[in-house]
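Undergrad: Okay, here's the structure, questions in a sec.
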Amino acid sequence: MSRPVALLDACVLYPQMLRDVMITLARAGFYRAKWTDRINDEWVRQLVRRNPDRERLVLRTKELVNLSVADCLIDNFEHVIEIVSLPDPDDRHVLAAAIHGKADYIVTLNLTDFPSNVLEPYGIVAQSPDDFLAPLIEDSVPQACESLRTLRKRYQSPAMTAEEFLASLSRKGLNRTVGLLGKRIDLIED
């Protein structure tokens, strides 16, 4: 069975923990993650705006994000922007990249910006991170937990228990996903 292709919107890549979870599960083979330089520019600009004294660190993070997933960047999609229409014209580049990159999903927190009737002709579905991830890991909870244990252990400032890690994911809106992961919390612990 082929892995679904998901274009990650800037609002999904902006929060560190959500970005880390999405990338970790892509690296573990649950799906193929894609984005564009323009999407990167959006979340990087917001992070630099909030943390102007950490610009070099944010730019390094962007480099690492691009290196984290093979074949993640979609390019040469700009010609598609003019042929798509969305309620917010500023989001057309996201749909254009999804079309050009042959994405099955746009993973976003801004679902109203991507109406299903507009995406349907392209065979693309917009989903929240939780609605996207939960079905992917449902039959592979142990593998997801093992991948996320490694991620959890990387957080050292402050260090997090498995319960704290899942609580943080829940605060990021990953409630269904957390419900599944919580069944095997022992695999997220040390």
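Rule-based calculations on the coordinates, nothing more; no lab input. If you're wondering where the values come from, they're calculated on a predicted model, not measured in any experiment. FYI the Cβ positions are ideal-geometry reconstructions off the backbone, even for glycines, and counts take in every protein chain you see.
Undergrad: Before anything else, pin down the relative contact order of the chain: Cα pairs under 8 Å, at least 6 apart, normalised by residue count, whole percent.
TA: Numbers: 260 pairs, mean separation 42.3, N = 190.
For the chain, the relative contact order is 22 percent.
Undergrad: Quick one: what does P(r) look like for the chain with 5 Å bins over all Cα pairs, in whole %?
TA: 1, 8, 16, 20, 19, 17, 11, 6, 2, 0, 0
Undergrad: To make sure I understand the rule: partners must be lysines, Cα under 18 Å from the Cα of residue 102, and not fewer than 8 residues away in the same chain. Which ones qualify?
TA: 34
Undergrad: I'd like to compare 12-21, 115-124: which one has the highest average count of other Cβ atoms within 10 Å, and what's the full order after that?
TA: 12-21, 115-124
Undergrad: Highest mean first, what order results for 101-107, 74-80 on Cβ atoms within 10 Å?
TA: 101-107, 74-80
Undergrad: Let me ask something else about it. Which aspartates and glutamates, on any chain, are close to residue 153 with Cα under 20 Å apart, when same-chain ones fewer than 8 places away are left out?
TA: Hits, sequence-local ones excluded: 20, 163, 164, 186, 189, 190.
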